Amino acid sequence: MGTIGEYYYNLNVLGLSLKKTLEIHQPYIFIYDLFIIGFIIWIGLQYAKYRDNGLPQWFVSFVSTGAKVGFGMYLGQTVALEIVDLGVTALSLPTVWNFVTLPLVFIIVVAVDYGMSLCFFKIPPFGFLVGRPQWHVSRLWSAK
C-alpha cells in the first residue's frame, strides 16, 4: 500500500515523469530495505538462540546445507523458474488460479532450486556450478 501511495504522490503531486516515478532509488525503498535487513538479522539471531537450546537436528541440518548451497540457489533460480514455468504453462489454469496458487508455485520454485543446487553440490565435478568446487587445481599439482 505504501508503494502505491508513493507512486501516486510522485506522479500526481510532485509531477515527476513516469521514468522518475518508477526508479527504485526512492527514499521509501531505502526505508523498506532497512526494515527487511533488520528483520533478517533478527531472524538469524533467533535461529542461533534456539539452535543452541534444542532445535530438531533435521532442521539444523537443513539450514546448514541451505547455507552451503545458497549461492548456488542464487545462480540457479532462473533455471528453476523456467522449469516451473513449463509446468504451470502445461496446466493452462485460468488467471485467477494462477494468482491463488502463487504461494505454492513460490514454494515449488525454491524446492526445485534447492534440490538442483544440492545435487550439484554433492556430485563432483558439478560443485563449481554452485560456487563450491569439490576439487581445486592447486590440489592436482600438489599431488604430483
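The values are calculated or read from the model by the stated rules, or taken from the named source; none is laboratory data. Just so you know, these numbers come straight off a predicted model, no measurement behind them. Every residue, glycine as well, gets a Cβ built from its backbone with ideal geometry; the counts of neighbours run over all protein chains shown. Areas reflect the complete protein model, heavy atoms only, side chains present, ligands, DNA and RNA absent. Shrake-Rupley method; radii C 1.70, N 1.55, O 1.52, S 1.80 Å.
Numbers for the structure displayed
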quantity: Cα long-axis angle, helix 57-91 against the chain (0 to 90 degrees, to the nearest 10); calculated: 60
quantity: Accessible surface of the chain [probe 1.4 Å, protein heavy atoms]: carbon and sulfur percent; calculated: 74
quantity: Most mobile of Leu93, Leu45, Leu14 in a GNM of the chain (Cα contacts under 10 Å); calculated: Leu14
quantity: Folded to 0 to 90 degrees: helix 27-52 orientation relative to the chain principal axis, Cα; calculated: 40
quantity: Label-point separation, Lys68 to Ile40 (7 Å along Cα→Cβ), nm; calculated: 2.2
quantity: Charge dipole of the chain about the Cα centre (unit charges at C-beta), most positive-ward option of Ile108, Leu34, Leu118; calculated: Leu118
quantity: Farthest toward positive dipole pole in the chain [+1 Lys/Arg, -1 Asp/Glu at C-beta], among Phe128, Val88, Leu55; calculated: Phe128
quantity: Whole-number percent relative contact order across the chain, with pairs defined as alpha carbons under 8 Å at least 6 apart; calculated: 19
quantity: Packing rank of 2-11, 29-38, where each peptide gets the mean count of other beta carbons within 10 Å, highest leading; calculated: 2-11, 29-38
